[in-house]
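**Q** My questions will all concern the structure given below.
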Amino acid sequence: MDMAAIAVSILIVGGLGAALALLLVVAERYILNYGEVTVDVNAGERELKLNGGTSLLEALTSQKIFIPSACGGRGTCAYCKVKVLDGAGPLTPTEGPYLSPEELKEGVRLSCQVKVRTDIRVEIPRDLLAVQEYQATVERVRELTYDIKEYRFRLDDPPDMDYIPGQYVQLFTPRYKGNKEEVYRAYSISSDSQEKGVIELIVRLVPGGICTTYYFEHVNEGDRIRLNGPYGEFHLTDNDRPIIFIAGGSGMAPIKCMLHHMVNTQNARPAIYFFGANTTRDLFMLDDMKAFEAKLPNFRFVPVIARPDESPGWEGETGLVTQAVERHVTNAGEAEAYLCGSPGMIDASIKVLEGLGLTADRIFYDKFA
Amino acid sequence: MSEITSALIICFSAIFTGNILLTLFLGMCPFIAISREIKTAFGMGLAVIFVLTSTCIIDFLVYRYLLVPYDLEMLRFIVFIIVIAAFVQFVEMVLDRYSPTLYQALGIFLPLITVNCAILGASLFMVVRDYTLIQTVGWGFGAGLGWMLAIVSMAGLRSRLNAARVPKALQGPGITLIIAGIMALAFVGFTGVLAGR
């Protein structure tokens, strides 16, 4: 084979390869160019103009609408469900297993699997629209008990969060020594919603927990952190029914936030707050509670100690928090209950409250998963 | 014998007597992996028919008018592979853009068959057997249809298999290979239908 033949063969194969590559590039440029499309959110509430061709989830995230998603768009976590009114295209095989017949009927889709090709109309829960990502600085860390700390964050960017007392945020945890994944963990806001640009969270150390370990051991005052929110449906209703709060441990947070709100709005609803703790070492924020009692004429704080023998000098309520509820609550039939704490505590409390005559539709709770 | 008739015979023989899957054993990987359900097997089969027919035609043209004139037949492997890969990519884009429904049905299978040996094999047989363009069309279509016939029947058999008690060691690919062998034996029965080919 002479040089000319070699040159020709290189030329032919190279030319063919180049021509095909060019064809694909041109095709991608023109065929896959969907042009500008409009994503209509909640019938005109937000109108997003963007280039088509991406997934709905990417499109929404790029416009700062945060839809929960844990699997990175692979269609396996099913958190990113969004109601698509039209423009979604046919259902993909990936989505089928994650959608119930009712959801299919309503047009619910996994937004990571829906490709934005044309104008599209979607419905997103109001509270998700308000969710933003925040850069914040740790302003103060306060030790509340041996395993509970209060973190006060100054929001840097955006500078303020508009939240409903009772809602929670997700704290970002980066990779650090001993932890290989980035995670978000939910914490209820405990601060006064009238205080602008600041939020406080109450964090209880979970032994071996990725996020709590990070915060307890690696985050100090002055450090920069990331969080997003607000999320959640747990909030005070707007009526005059007497309130029963029940919480334990860091379940204090959303209740404290609601109490601040009651002070701010001069809410005179009768309210009693049962706070369960094992020993007096587990009690905290007693001064804050005294202050609420002084400011709210119809509010009473009832700490309950489960192990009085380990709590020298304790003269208050003893036993399980549910037993104290049974002893004190006489008006359950007309009251509303707000519970926050461990699943065990919440389930036991619901049982007791229903036994006292409270109907399930008036019991609101935020369960730690 | 006219060219059309011979193309029809080639097509028929590609489906039965010379089934690309069951007598030539090409394209076994998706045959075993995607034959769990009739519906997906059917989609995969359609994709193979389409890609096989079109790539055979394109490869024929490339071979006849680009490689043969310059005496570059020995480059056909690499050239065919490039052409097939680019073509499948292109088709995927076109479907994605203009026919979301068809894309939904075939789209997920297309990348799977880009590098399938049945596709390349069909193009190479076309060269070895010295087909004309019309014969190539018959060959490509027949080979694809034969492949689909085999995978759909396999999916049908496997759906029955759910009720059977398969020894643990043979569950999954094991029993599928055994069934494929028996099916191949059955297809040998067609051999006498057409002499030659």
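The values are calculated or read from the model by the stated rules, or taken from the named source; none is laboratory data. Worth saying up front: this structure is predicted, and the values here are computed from it rather than measured. For neighbour counting, all protein chains shown are included, and Cβ atoms are generated from backbone atoms with ideal geometry for every residue, glycine included.
**Q** Within segment B:69-78, is even one residue aliphatic (A, V, I, L, M), touching a helix residue (DSSP H, G or I) at 6+ places or on another chain (Cβ under 9 Å) and crowded, with 20+ Cβ neighbours inside 10 Å? Show your work before the answer.
**A** Of the residues in segment B:69-78, the ones aliphatic (A, V, I, L, M) are B:72, B:74-75, B:78.
Now narrow it down to the ones that are touching a helix residue (DSSP H, G or I) at 6+ places or on another chain (Cβ under 9 Å): B:72, B:74-75, B:78.
Okay, now just the ones that are also crowded, with 20+ Cβ neighbours inside 10 Å, so none.
Within segment B:69-78 (the criterion being aliphatic (A, V, I, L, M), touching a helix residue (DSSP H, G or I) at 6+ places or on another chain (Cβ under 9 Å) and crowded, with 20+ Cβ neighbours inside 10 Å), the answer is no, since none of the residues qualifies.
**Q** Just give me the residues in segment A:26-56 being aliphatic (A, V, I, L, M) and either away from chain B (no Cβ under 11 Å) or not in a helix (DSSP H, G or I) (or both), in sequence order.
**A** Selection gives A:I31, A:L32, A:V37, A:V39, A:V41, A:A43, A:L48, A:L50, A:L56.
**Q** Next up: Can you pull out the residues in segment A:146-161 that are under 14 Å from A:S250 (Cβ atoms) and either outside any strand (DSSP E or B) or without any contact (Cβ under 8 Å) to a residue 24 or more places away in the chain (or both)? Let's see the steps before the verdict.
**A** Taking segment A:146-161 as the starting set, the residues that turn out to be under 14 Å from A:S250 (Cβ atoms) are A:146-151.
Within segment A:146-161, A:Y146, A:D147 meet the criteria.
**Q** State the number of residues belonging to segment B:1-32 that are touching a helix residue (DSSP H, G or I) at 6+ places or on another chain (Cβ under 6 Å), within 17 Å of B:I119 (Cβ to Cβ) and among the small types (G, A, S).
**A** Looking only at that region, the number is 2.
**Q** Kindly indicate the residue of segment A:71-122 that is of a type in the set (D, E, K, R) and under 22 Å from the mean Cα position of the chain (by Cα) and also nearest to A:E181 (Cα to Cα) among those meeting that condition.
**A** Across segment A:71-122, the extreme among qualifying residues is A:R74.
**Q** Given segment A:292-369, what strands (runs of 3 or more DSSP E) lie entirely inside it while holding 2 or more residues that are of a type in the set (G, A, S)?
**A** A:336-341
**Q** If you don't mind, there's one more thing I want to ask. Kindly indicate the residue of segment A:175-220 that is touching a residue at least 12 places away in the same chain (Cβ under 8 Å) and basic (K, R) and also surrounded by the most Cβ atoms within 10 Å (Cβ to Cβ) among those meeting that condition.
**A** The extreme case among them is A:R204.
**Q** Name the residues in segment A:163-191 that are at pLDDT 85 or above and touching a Pro at 6+ places or on another chain (Cβ under 8 Å), would you?
**A** Within segment A:163-191, A:Y163, A:I164, A:P165, A:G166, A:Q167, A:Y168, A:V169, A:S188, A:I189, A:S190 meet the criteria.
**Q** Whether any residue in segment B:57-70 is in contact with a Gly (Cβ under 7 Å, 6 or more places away or on another chain), more than 12 Å from chain A (Cβ to nearest Cβ) and under 18 Å from B:G140 (Cβ atoms) is what I want to check.
**A** yes
**Q** I would also like to ask the following. Inside segment B:5-114, counting only helices (runs of 4 or more DSSP H) that do not spill past its ends, which hold 3 or more residues that are touching a residue at least 24 places away in the same chain (Cβ under 8 Å) and either farther than 27 Å from A:P90 by Cα or of a type outside the set (A, V, I, L, M, F, W, C) (or both)?
**A** Numbers: elements: B:28-33, B:38-62, B:76-98, B:110-114.
Once the helices (runs of 4 or more DSSP H) in segment B:5-114 are filtered for at least 3 residues that are touching a residue at least 24 places away in the same chain (Cβ under 8 Å) and either farther than 27 Å from A:P90 by Cα or of a type outside the set (A, V, I, L, M, F, W, C) (or both), what remains is B:28-33, B:38-62, B:76-98.
**Q** Among the residues of segment A:133-187 satisfying the criterion of being basic (K, R) and touching a helix residue (DSSP H, G or I) at 6+ places or on another chain (Cβ under 9 Å), which is nearest to A:D287 (Cα to Cα)?
**A** The residue in question is A:K149.
**Q** Every residue in segment A:25-35 that is surrounded by 10 or more Cβ atoms within 10 Å (Cβ to Cβ) and closer than 15 Å to A:D119 by Cα, please.
**A** A:N33, A:Y34
**Q** Of the conditions (1) under 13 Å from A:R152 (Cα atoms); (2) loosely packed, with under 15 Cβ neighbours inside 10 Å; (3) at pLDDT below 90, A:D223 clears all except one; give me its number.
**A** Evaluating A:D223 over (1) under 13 Å from A:R152 (Cα atoms); (2) loosely packed, with under 15 Cβ neighbours inside 10 Å; (3) at pLDDT below 90 leaves (3) as the failure.
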